[in-house]
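As structure tokens, the structure follows; a few thoughts come after it.
The values are calculated or read from the model by the stated rules, or taken from the named source; none is laboratory data. On a predicted model such as this, the values are computed, not experimentally measured, just so you know. Cβ coordinates were reconstructed from backbone atoms using ideal geometry, including for glycine residues, and neighbour counts include every protein chain displayed. Note: areas computed on protein heavy atoms with side chains; ligands, DNA, RNA excluded. Shrake-Rupley method; radii C 1.70, N 1.55, O 1.52, S 1.80 Å.
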Amino acid sequence: MLYSLHEFSYYSAAPFRLGAQLARSFWSSPFNPAADTAIGRTAYAAAEVFEGLTRRYGKPAWNLDVVTAEGHTLRTTEQTIWTSPWCRLIRFQRNLGDLQRAGKPADGPAVLIVAPLSGHYATLLRGTVEGFLQDHDVYVTDWVNARQVPMLEGRFDFYDYIDHIRDMLAAIGPGVHVVGVCQPGPPVLAACALMAEDKDPHRPLSMTYMGSPIDARLSPTVTNRLAEARPFAWFRSNMIHTVPLPYPGAGRRVYPGFVQLYSFMSMNEDRHRDAQFDYFQNLVQGDGDGVQKHEEFYDEYLSVLDLTEEFYLQTIDIVFQQHLLAKNALEHRGHKVDLSKITDIGLMTVEGEKDDISGVGQTQAAHGLCPNIPDDRRELYVHPEVGHYGVFNGRRFRDDIYPRVRDFIARNEAARGVSRRAAA
């Protein structure tokens, strides 16, 4: 019912949205003598804000055709190298000529960036991917919106997620470094443990976790407390809704992206309200830089996807209520996940001291849970000035965090004395 009401509210606002678009065009027209007056600029700004707040945001483009590495231009080609109904594995292949001109090796370390499946599209990590493209052969998990997956494709749950990680690492080949950002931490760590126990030749050389709830009992945040305070049945009854027509996934039970978006925005309601007011003021004043920064952020932030019922509820149960991986009690397909089996995979954890989603200590808990990794293949870093998104995006990520992760990957690339190309 809630999903249908959400759809109804969007379509019922269509006439007003169209009116706002027409008003925006009228007040920005060079043929309107009142366009560049205080009244004209205010009317235009009001129409722009209304249209932006009521618009439906589709999946954003990656827009990484060209990136910059130390002042040099690198062109990239987006390739899909593996698919399932639930995910595309994307490779951003860099132009060899550009790499030569930039003095970069053509066979830089391969990195699989596992994007969070928690309400936003993988493009939320655009800045992360851009950073890694400077020195690495980058692959990214591009998760599919559950409302777009027909019921005939079946289910996708927490354990399928673990299988997907293993399958994608195998598709890339030996000698990969895996980077899990936020939500993926527990299932990626579980996948690495299973691969280590199996002596899987495709197990990664290193694993880096950034702002991940490996042990959500530590430094609990508002999000963690909510997950623990409510009984499991409450989440099933209140957070799960049915996808309506005309979506391909009509009839599928999901945790809607718009519900997750509301949850995120309500945590910082004052900040988002102030941002909209500043946007209005910048439009009135003609501050192009301020307008562009606002639109770039909210075009991404307001684009959301749905999660399957089973994946969402199992994540609540396994990660945030029972803490099975942190208690060494997680089983996968009837087999215990034993983190002590990880002996030759490097481990780095990155946290932000101001993180209000995954508190300090939750990610670095991985070090204690993986006792048999050599000390010279570990690194623990807490940035004193960043919050959750600053761990993997923005100036401090580019200047402080990424160089540390790059150097950690380089050390582990040499640890086995073999590159991915040589092992293939």
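So the values come out like this:
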| read-out | value |
| --- | --- |
| Residue 338/residue 107 FRET efficiency (R0 30 Å; Cβ-Cβ; nearest 0.05) | 0.35 |
| Most to least accessible of 84, 358 (protein chains only, probe 1.4 Å) | 84, 358 |
| Stretchable slack from residue 75 to residue 93, in nm (0.36 nm times residue separation minus alpha-carbon distance) | 5.6 nm |
| Heavy-atom accessible surface of region 286-418: percent carbon and sulfur, 1.4 Å | 47 |
| Nitroxide proxy distance, nm - points 7 Å out along Cα→Cβ at residue 57 and residue 414 | 4.2 |
| Aspartates and glutamates with Cα under 18 Å of residue 354, excluding same-chain neighbours fewer than 8 positions away | 215, 269, 270, 385, 399, 400 |
| For region 137-231, accessible area per residue (1.4 Å probe, heavy atoms of protein chains only), Å² | 30 |
| Portion, in percent, of the accessible area of region 54-196 that falls on carbon or sulfur, probe 1.4 Å | 47 |
| For region 307-385: accessible area per residue (Å², 1.4 Å) | 38 |
| Residue 395 - accessible surface, heavy atoms, 1.4 Å probe, Å² rounded to 10 | 140 |
| When each of 199/341; 59/104; 59/293 is checked by Cα-Cα distance, pairs over 21 Å | 59/104 |
| Estimated D of region 128-254 in µm² per second, where Rh is the Kirkwood radius over Cα pairs and Stokes-Einstein applies at 20 °C, 1.002 mPa s | 125 |
| Rounded accessible area of residue 104 (nearest 10 Å², 1.4 Å probe) | 30 |
| Euclidean distance of C-alpha centroids, region 208-252 and region 114-139, integer Å | 22 |
| Ratio of the Cα radius of gyration of region 112-161 to 2.2 N^0.38 Å, where N counts its residues | 1.36 |
| Accessible surface ranking that places the most exposed of 212, 237 first, with a 1.4 angstrom probe | 237, 212 |
| Solvent-accessible area of residue 136 with every protein chain in place, 1.4 Å probe, in Å² to the nearest 10 | 0 |
| Where 101, 56 fall by accessible area, highest first, once all protein chains stay in place (1.4 Å) | 101, 56 |
